[in-house]
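Student: Got a structure for you, written out below as structure tokens; questions coming shortly.
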Amino acid sequence: MIKKTMLCVAALSFVFSFVAVGLSMADSGPAEMTLVTADAKKPATFPHKKHQDLMGCGECHHTKTDDGKQGPYVAGQEAKCISCHSAKDEFKNNAHKRCKGCHKDGYNGKTGPTKCGDCHKK
């Protein structure tokens, strides 16, 4: 069980390292991303550029303070979500709360899709 978990974490770290390299090479990051949880089930398609055109980076990205709490966004310190949100289902739960919450409540008068299949393509 532990070996399987470690293998999944290593695979995700590898995938997210490409995302981090892509982000460091371009100020705006990738136009589209595929978000994958530790168990690699039901990846979500994320149109990063579309969101950037709508809102600032700090609406989604944040830092971690010395005491382990969420801190303010600092340009250039973007990290893989899974680097901190790595506990079982933590990344998934945070993404659902943040993404679906914003899509439901709206941002500057615009709402987004909230059905599973809208982000989790088959």
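Throughout, read-outs are computed from the coordinates displayed, never taken from laboratory work. Quantities reported herein were computed from a predicted structural model and do not represent experimental measurements. Note that we place each Cβ from the backbone using ideal geometry, even for glycine, and neighbour counts take in every protein chain shown.
Student: Each residue of the stretch 85-91 in turn: what ³J(HN,Hα) in whole Hz from Karplus with 6.51, -1.76, 1.60 and θ = phi - 60°, glycine and Pro shown as x?
Tutor: Residue by residue, the stretch 85-91 yields 8, 10, 5, 3, 6, 5, 4 Hz.
Student: Let me ask another. Can you sort 32, 90, 78 from fewest to most other Cβ atoms within 10 Å of each residue's own Cβ?
Tutor: 32, 90, 78
Student: Given a Förster distance of 22 angstrom, what is the FRET efficiency for residue 50 paired with residue 87, based on the Cβ-Cβ distance and rounded to 0.05?
Tutor: Once rounded, the FRET efficiency stands at 0.15.
Student: Lys and Arg at +1, Asp and Glu at -1: add these up for the other residues within a Cβ distance under 13 Å of residue 103 and post the number.
Tutor: Taking every other residue near residue 103 into account, the sum is +4.
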